[in-house]
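Everything below concerns the one structure shown next.
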Amino acid sequence: MTKPDARSCVVNVRMNCDELALLRAAAAQARTQIRDFVRRATIEAAEMDVLNRSKVAIPAERSEAFEAWAARPAENVPGLEQLLRRKPTWER
């Protein structure tokens, strides 16, 4: 399967005039074109929605691999250990 060009998909959205005016004002404040503002804002909203989900579905055929991964012993990450030992900036 070939990956589509980054800008080859189109989404059409209907909204009322007040909503469009709000988008235009926000885009103007961000000093960007409305299409770029809408693209950025919708992607950010979608990412937050996906990241904030509390339930994750794992396909049955991959559940054993996931369980094995989750049950493996923790790994030490030297850089992270050093970082966690440091006193936070606000406590110095």
Exercise. Please give the peptides 73-79, 24-30 ranked by average Cβ packing (other Cβ atoms within 10 Å per residue), highest first, as a rough proxy for protection.
Key: 24-30, 73-79
Self-check item: the chain - Rg over Rh from alpha carbon coordinates, Kirkwood radius
Solution: 1.16
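A short reminder: the numbers here are calculations on the coordinates, not readings from a lab. Computed from a predicted structure; not experimentally measured. Using ideal geometry, Cβ is built from the backbone for each residue, glycine included, and neighbour counts are taken over all protein chains shown.
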